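Report on the structure given below.
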Amino acid sequence: MVCLKAKKGRSKSMMKEGYSVEHSIIPQTFSPELQNHLSGRHLLASEIPFSEAMILDHLKNGHIAQTSGVQSGNGQLTCVRCGNKDQSMFYAIPCRICNRDCAYCRSCIMMGRVSECAKLYHWTGPELLYAIPDQVMRWEGMLSGGQQTASQRVIDAVNEKGELLVWAV
């Protein structure tokens, strides 16, 4: 958030024109739990397990943004959640929310219906920071004799561009 302060003797109209304005940044607090839940996702309000007041506060402060779930442009529909643009995967139904025929995406219907009037929320605040361990793909366990044999046969099949079926639990 940027705060504008006029120096003494300056009018508000001069402030709008950019005269003698000081800028100061006021940090906004946000919920790290909500940040973690929304980062990299587009979710319906029903999929966000936080209070409506918290969501509205984060919307007001610019940490969350909302967008229509299905958007229309140049006569084409696009699902914001799954990226579907295949027009045969959209269907319109009479909607109780907007009181008109409203298109929804059938491609991602198993995650909940996303329609033109449905709002999706996504994180726009500070980037989610997390530590990456030095040894990301390092396992410190021991393979049994059978596992070691299977592992070596998989390596050999890959190197020889062969086929192999491993049947294991």
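Within segment 155-167, the set of residues being open to solvent by 80 Å² or more (accessible area, probe 1.4 Å) and either in contact with a Ser or Thr (Cβ under 9 Å, 6 or more places away or on another chain) or assigned to a loop (DSSP other than H, G, I, E, B) (or both) comprises Glu160, Lys161, Glu163, Leu164, Leu165, Trp167. Within segment 39-67, being open to solvent by less than 60 Å² (accessible area, probe 1.4 Å) and part of a strand (DSSP E or B) holds for Leu43, Leu44, Ile64, Ala65, Thr67. Entry remark, segment 60-85: residues being farther than 18 Å from Ile109 by Cβ and free of Cβ contacts under 8 Å to residues at least 40 places away in the same chain number 5 in total.
In segment 17-62, the qualifying residues are those that are under 18 Å from Arg81 (Cβ atoms) and among the hydroxyl-bearing types (Ser, Thr, Tyr), and the one that is modelled with the highest pLDDT is Ser39. The single condition from (1) open to solvent by less than 80 Å² (accessible area, probe 1.4 Å); (2) under 30 Å from Tyr130 (Cβ atoms) that Gly75 fails is (2). Within segment 122-154, being surrounded by 10 or more Cβ atoms within 10 Å (Cβ to Cβ) and part of a helix (DSSP H, G or I) holds for Gln147, Gln148, Thr149, Ala150, Ser151, Gln152, Arg153, Val154.
Within the option set Arg106, Arg96, being charged (D, E, K, R) and modelled with pLDDT under 95 holds for one residue only, Arg96. Under the condition of being outside any loop (DSSP other than H, G, I, E, B) and either open to solvent by 30 Å² or more (accessible area, probe 1.4 Å) or touching a Pro at 6+ places or on another chain (Cβ under 7 Å) (or both), the residues counted in segment 78-120 number 14. Scanning segment 97-114 for residues that are over 13 Å from Leu44 (Cα atoms) and in contact with a strand residue (DSSP E or B) (Cβ under 9 Å, 6 or more places away or on another chain) yields Ile97, Cys98, Arg100, Asp101, Cys102, Ala103, Tyr104, Cys105, Arg106, Ser107. The single condition from (1) at pLDDT below 90; (2) open to solvent by 80 Å² or more (accessible area, probe 1.4 Å) that Ser11 fails is (2). Of the residues screened, Ala131 is not one that is over 20 Å from Leu43 (Cα atoms) and touching a residue at least 12 places away in the same chain (Cβ under 8 Å).
When you scan segment 111-126, do you find a residue that is among the aromatic types (Phe, Trp, Tyr), out of contact with any Lys or Arg (no Cβ under 8 Å at 6 or more places or on another chain) and at pLDDT below 95, even just one? Among the residues of segment 111-126, not one is among the aromatic types (Phe, Trp, Tyr), out of contact with any Lys or Arg (no Cβ under 8 Å at 6 or more places or on another chain) and at pLDDT below 95, which makes the answer no.
The values are calculated or read from the model by the stated rules, or taken from the named source; none is laboratory data. Owing to the predicted nature of the structure, the values given are computational and were not obtained by experimental measurement. Here the Cβ is made from the backbone with ideal geometry for all residues, glycine too, and neighbour counts use every protein chain on show. When the accessible area is computed, the model is the full protein with side chains, heavy atoms only, and any ligands, DNA or RNA have been set aside. Shrake-Rupley method; radii C 1.70, N 1.55, O 1.52, S 1.80 Å.
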